[in-house]
Amino acid sequence: MKGYTSDMIRNVALVGHGGTGKTTLLEAGLLATGVINRLGKVEDGNTVSDYDKMEIEKGYSISTSIVPVEYNKVKINFIDTPGYFDFIGEVNSAMRAVEAAVVVVDASSGIQVGTEKAWKTCREYNMPTFMLINKIDKENIDVDKVIADLKAKFGTSVVQLSEKDALMEAVAESDEELLEKYFGGEEFTEEEFNRGLVAGIASGSIVPVLTCCALDGKGIKEFLDTLIKYVPVATSHAEYPGVDAKGNEISRKCDPSAPVSAFVFKTIADPFVGKINLLKVISGKLSPGMEVFNTRAEKPEKLGALFFMRGKTQAEADKVVAGDIAAAAKLQYTQTGDTLCDKANIITYPGVSFPEPSLYMAVEPKAKGDDEKISSGVHKLMEEDPSFVLTRNTETHQTLIGGQGEIQIGIITAKLKDKFGVGVDLVDQKIPYRETIKGSSDVQGKHKKQSGGSGQYGDVHIKFSPSQEVFEFSEALFGGSVPKNYVPAVEKGLRESMEKGPLAGFPVVNIKAVFYDGSYHDVDSNEMAFKIAASLAFKKGIVEAKPILLEPVMHVEVHVPDEYMGDVMGDMNKRRGKILGMEPQTGGGQKVLAEAPQAEMFKYAITLRSMTQARGSFTMRFERYEEVPAHLAEKIIAEHKKDSEE
């Protein structure tokens, strides 16, 4: 694959619902340009784009891949993105490396949820957008109806390049001079028309619709011609915003003669080859052996070999110019979202935006002692996919993987097994319950032990009552009943006892303890004796002060289209949730504000996706602890006592 000058490069993301034929479309492009001699099929696992073992097994894309198509002396760097919603992080990464996106639509299915989501993402990134209706060869296809539906759903900006009247008006609106000419009834020159069309596509006011059939190649060359003609050239892009070494806002033009800078938008973690960073050169030129500066790590990186990727194949590059996409292997510090630049001309571009995880699952090793292997493997996979997180809950002692859904988390665990040889089980999270008291008690704790030599003696009287604070301790001793030097030991004994409550062994919170009386022995009393006496008083005192179980309650915000409101609210009530209110959203739909116990929300991501056909989304954060209803508390306590006995 030869090098191209900046003006002869186009960078395009393929987005859309899963199964619309994005991967097959690239096969058709490679077949039409003579790179391959037969069309690979996703179901046969022999496409250029879906080369990962897991993708071949599953039959769908799970990560972005770069497939350059060279046509009419221009290189189009296609970035093929997964259609499944769990991999939205991959789409966000791709959007940072391209100048346009093509929303691929299945002619027989029309507008699907993934079409809507892809459109929304393109709008969020102000991305020049094309729509491609694929699979027009299928029986009973009404292409005109699909186009009419696209216009009705996404607005009048959606227009066919053959619709001259609609195009003329759209082109006129891209430029004041052209608008005057249009209203004056004057004809546009071809140069004016093309200039206005390019400007309209670049601003998003024109979204061209094209048609093709990837399987038989119909419309493929016309599609490539259109992209070459109308996708904005990287060097014509408005300046890329960033910050300098002092954090001041600056920007950089995509210019091959400017100081070098590149943005790392994707990382591939291969246990055999090592780490590969995919990067877009924003300015200047990169060449093998060059030293660049990583602004996040604040360390220099020496570039080894640079290469252009086409699926899994690599072609060495002697230079990579501004506007092009390439790969660098074995960089020591670099990860997704990093900026590499000339140390004398520092600029840091914004990182990739990833959504918050909506589903957490606990991961346990199948073989004892594999915890370290899990951690090491997962951290390598996180370099490849930073959209999921790994956390350790110190209270429940569980390792949690948080992602966008079951498919993503399932892929992560499958890769752990496949790439790093670690088998794991996915289990539900444990709830970090708490225990507290609703009443008061006044108890004695006495520890007396006599056995050969010096004995042990500690005697305390403590009053327990509810408190707003986690733990409130005071002493009200009088007349020297207990020497003051034993008071810290009593407090320590109580604090340690709070780690495991008497109901089910959960931490105890919100109690007040007043140490007001007791007795001691001149010889046998010591700090340990009083610490033990305090723990005896605690166990007795909490049981006598009406102990209750508390559960974490979450604040939930659900974004949902109007038509699913009834289902979402009904479901929230079934989860012991309380609806706090609703807020209409710009662009349609509602934001439902609610509170619900964490125990009822673990699999909410799966239910919400099913209930709203994946159109709903939510965020959740811890709000407070509340008492568990008595009938549920009894079950939880019984279960935990049974577990502790086993």
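Every read-out reported here was derived from the displayed coordinates using simple, explicitly stated rules and does not represent laboratory data. Here the structure is a predicted model, which means the values were calculated and not measured. Counting neighbours? That spans all protein chains shown, and the Cβs are built from the backbone with ideal geometry, glycine included.
Tabulated data
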| quantity | calculated |
| --- | --- |
| The chain: calculated mean residue ellipticity at 222 nm from DSSP helix runs of at least 4, using -39500 (n - 2.57) | -8500 deg cm²/dmol |
| Span-rule helices in the chain, defined as complete DSSP H runs reaching 24 Å or more along the axis (Cα) with Kyte mean at least 0.0 | 527-544 |
| Cβ-Cβ FRET estimate between Met582 and Lys492, R0 fixed at 45 Å, reported to 0.05 | 0.35 |
| Using a Förster distance of 35 Å, the FRET efficiency for Asp418-Met290 (Cβ separation, nearest 0.05) | 0.50 |
| Lys449/Val514 FRET efficiency (R0 35 Å; Cβ-Cβ; nearest 0.05) | 0.85 |
| Cα-centre dipole for the chain with unit charges at Cβ (Lys and Arg positive, Asp and Glu negative), debye to 20 | 1840 |
| Rounded to the nearest 20 debye, dipole of segment 435-545 from Cβ charges on Lys, Arg, Asp, Glu | 220 |
| Greater than 20 Å apart at Cα, pairs in Lys253/Lys343; Lys330/Lys417; Lys246/Lys380 | Lys330/Lys417; Lys246/Lys380 |
| By average C-beta atoms within 10 angstrom, highest first, the peptides 26-36, 311-321 | 26-36, 311-321 |
| Segments 123-134, 285-296, 575-586 sorted - mean Cβ within 10 Å per residue, highest first | 123-134, 285-296, 575-586 |
| In range of the label at Lys574: residues from segment 605-627 whose backbone nitrogen is under 17 Å from the point 7 Å along Cα→Cβ | 605-614, 616 |
| Highest to lowest packing among 206-214, 143-151, scored as the average C-beta count within 10 Å | 206-214, 143-151 |
| Options Met95, Leu416, Ala489, ranked by Cα towards positive dipole end of the chain, top entry (Cβ charges) | Ala489 |
| For segment 516-584 versus segment 178-200, the gap between their alpha-carbon centres in whole angstrom | 69 |
| Span from the segment 210-229 Cα centroid across to the segment 388-425 one, whole angstrom | 41 |
| Restricting segment 455-502 to chymotrypsin sites (Phe, Trp or Tyr not before Pro) in coil, as DSSP defines it, with at most 16 other Cβ within 10 Å | Phe478 |
| Where only alpha carbons of segment 267-405 are counted, the Rg and the Dmax (Å) | 17.7, 53 |
| Beta bridges per DSSP with both ends in segment 435-545, % antiparallel, nearest 5 | 75 |
| Antiparallel bridge percentage (DSSP; both residues within the chain; nearest 5) | 80 |
| Gain upon complete extension [Lys539, Thr394; 0.36 nm per residue less C-alpha separation] | 49.8 nm |
| The chain - percent relative contact order, Cα under 8 Å, separation 6 or more | 10 |
| Radius of gyration and Dmax over the Cα atoms of segment 240-341, both given in Å | 13.1, 41 |
| Mean Cα-pair separation over length for segment 549-632, i.e. relative contact order, pairs under 8 Å, 6 or more apart, % | 47 |
| Furthest towards positive pole of dipole, Leu400, Leu593, Ser63, structure part the chain, Cβ charges | Leu400 |
| Most positive-pole-ward Cα, His17, Met290, Met382, against dipole of the chain from beta carbon charges | Met382 |
| Extended-chain gain in nm, criterion 0.36 nm per residue less alpha-carbon gap, Lys484 and Ala315 | 53.0 nm |
| Amide H contacts under 5 Å for Gly518, placed H, 5+ residues apart | His461 |
| Additional length obtainable on full extension of the chain from Ala367 to Ile36, 0.36 nm per residue less Cα span | 114.7 nm |
